[in-house]
Amino acid sequence: MASIAASAPTADPELSLFRVYVMRAIYFLIAFAEGSQVVPALFNHEATARGVIPALLSGLCLMCVLGLRYPKQMLPLLLFEMAWKYIWFFAFGLPQYLSGQQPPTFADDFMPITVGVVIMPFVIPWGYFWRNYVKAAGDRWR
Amino acid sequence: MNEVSLVRLYVIRVAAVLAVWGLWDSVRTIIEHSPFDRGVHKALLGGLWLMALFAIRYPLKMVPILLFEMVWKTIWLFAFGLPQWSSGVGSPRLGEDLWGIGAFPIVCAIVIPWGYVWRHYVKAPGERWR
């Protein structure tokens, strides 16, 4: 008990070690599992491909490697990941699923994005987000 | 002592305001789109638009998004933009993308507070592992 009490003050009171590892697990999944799917498209694509989606997703995967070392500081990446998947799900995926009018890519997009929609709210440390990205004073203006 | 100059904070804020303004057309099409629209491109830009709103209030905390912007645009430039431009065979929107995406790694490089990035994202000890 004494050793736990002694080590407590050095621990970050803001996020539990468990939460830090949950975030790291997601950074890892995005960087390597999603990365293995999207990065090959950078090298192997049609000559006339526009390339915005593979470039964006590959950039995200690469940045998530930094999230393994700095999970808290890279939180904006997880917020972005959650934001774009929610936007897609509610503006495109769900209406298309319900109406039956779907683009040919729908089947490829629906599952991976929906998994993100389900998982991300459990990954984001909402208390930390609230304190640091909503309640905290913004950077100075003068 | 302030870590980053006020001028730098405003440079980031101006970039964020320009992103909010510049992405607005894409954001509008999230609401009005064809039923067969794939939507991934628009949703990604919509997510960036939302992050740019946060960056106006918290420019330093949103530096990871600025780094991400620079990285993905650089990836695009080298994997798509430059090879297509030099071969003469490219996407129908290559001309507009070379300006709208390909020119921005340099803009990001000017906006990013590199000293801050070095201290906080390279030299700073990582989060604890145990």
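Taken together, the values in this text are just the output of simple stated rules run on the coordinates, not laboratory data. Predicted model only: the values in this text are computed from it and were never measured. No Cβ is skipped: glycine too gets one built from the backbone with ideal geometry, and neighbour counts run over all protein chains shown.
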Could you work out the percent of alpha carbon pairs in chain B separated by over 23 Å, rounded to a whole number?
43 percent
Residues with beta-carbon under 12 Å from that of residue B:12, excluding residue B:12: net charge, scoring Lys, Arg +1 and Asp, Glu -1?
+2
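Which net charge results when you count Lys and Arg as +1 and Asp and Glu as -1 among the other residues whose beta-carbon is under 15 Å from that of residue B:72? Numbers along the way, then the final one.
Working: positive: A:50, B:73; negative: A:34, A:81, B:69, B:97.
Net local charge, residue B:72 excluded: -2.
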Distance between modelled label sites at residue B:25 and residue A:142, nm, 7 Å Cα→Cβ extension
3.6 nm
Scan chain B and hand back the longest stretch that contains none of the GluC sites (Glu not before Pro) lying in DSSP loops with at most 13 other Cβ atoms within 10 Å.
B:33-130
Highest-first arrangement of B:51-57, B:85-91, B:39-45, where packing means the average Cβ count within 10 Å
B:39-45, B:51-57, B:85-91
Just to check I understand the Karplus step: with θ = phi - 60° and J = 6.51 cos²θ - 1.76 cosθ + 1.60, what whole-Hz values come out for the stretch B:36-42, glycine and proline as x?
9, 5, 5, x, 5, 4, 5
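Among A:72/B:123; A:135/B:42; A:72/B:73, which pairs are too far apart, with a Cα-Cα distance over 19 Å? It would help to have the intermediate numbers written out before the result.
Values: A:72/B:123 15 Å; A:135/B:42 29 Å; A:72/B:73 24 Å.
Over 19 Å apart, Cα to Cα: A:135/B:42; A:72/B:73.
Please average, across the residues of A:85-95, the number of beta carbons from any other chain that are within 10 Å of each residue's own beta carbon, and give a whole number.
Working: counts 4, 4, 12, 10, 2, 2, 9, 9, 3, 0, 3.
If you average over the peptide's residues, the count of other-chain Cβ atoms is 5.
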Can you tell me the orientation of helix B:6-22 relative to chain B, as the angle in degrees between its alpha-carbon axis and the longest Cα principal axis, to the nearest 10?
20 degrees
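At 24 Å minimum axial length over the Cα atoms and a Kyte-Doolittle cut of 0.0, report the qualifying DSSP H helices in chain A, or say none.
A:52-69, A:106-123
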Each residue of A:61-69 has, on average, a number of other protein chain C-beta atoms within 10 Å of its C-beta equal to 4
For residue B:61, go through the aspartates and glutamates and keep the ones whose alpha-carbon is under 14 Å away, minus same-chain ones fewer than eight residues off.
A:139, B:3
Simple spin-label estimate for residue A:130 and residue B:118 in nanometres, 7 Å along Cα-Cβ:
3.9 nm
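How many Cβ atoms of partner chains, on average, are near each residue of A:131-138 if near means within 10 Å of its Cβ? Don't skip to the answer; put the middle values down first.
Details: counts 0, 2, 5, 3, 0, 3, 2, 9.
Across the residues of A:131-138, the mean count of other-chain Cβ atoms within 10 Å is 3.
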Residue A:117 paired with residue B:37, simple spin-label distance in nm, labels 7 Å along Cα-to-beta-carbon:
1.6 nm
State the Cα centre-to-centre distance between the stretch B:29-103 and the stretch A:94-140 in whole Å.
18 Å
